[in-house]
1. Convert each backbone phi in the range 24-40 into a coupling constant with the Karplus relation 6.51 cos²θ - 1.76 cosθ + 1.60 (shift: θ = phi - 60°), then list the ³J(HN,Hα) values in order as whole Hz, x for Gly and Pro.
2. Could you size up the charge dipole of the range 5-61 around its Cα centre, putting +1 on the beta carbon of Lys and Arg and -1 on that of Asp and Glu, and report it in debye to the nearest 20?
Amino acid sequence: MPPNSSRMKNIEFQVEEAGSKMQVTARYRGLKLAMEGTDVKKMKEDLAKDLTDRITNNGASE
């Protein structure tokens, strides 16, 4: 299931070269996650899902 596109719009992505791979850093509401690999689109989707899951889980536990 793809991440909620409206939430993904609010996520700030930074893509950098890391040797032969790419590093994607995602920032959202004070949270920061990074991932290294070759498929930038998939990494962005995975990071967006991870960030929104963490926010949802944190919000539910408060």
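1. 10, 10, 10, 10, 7, 6, x, 9, 9, 10, 9, 8, 10, x, 10, 9, 4
2. On the way: 11 positive and 9 negative charges, 53 e Å.
With only Lys, Arg, Asp and Glu charged at Cβ, the dipole is about 260 debye.
No lab work stands behind these numbers, since they all come straight from the coordinates. On a predicted model such as this, the values are computed, not experimentally measured, just so you know. Ideal geometry is used to build each Cβ from the backbone, glycine not excepted, and the neighbour counts take in all protein chains shown.
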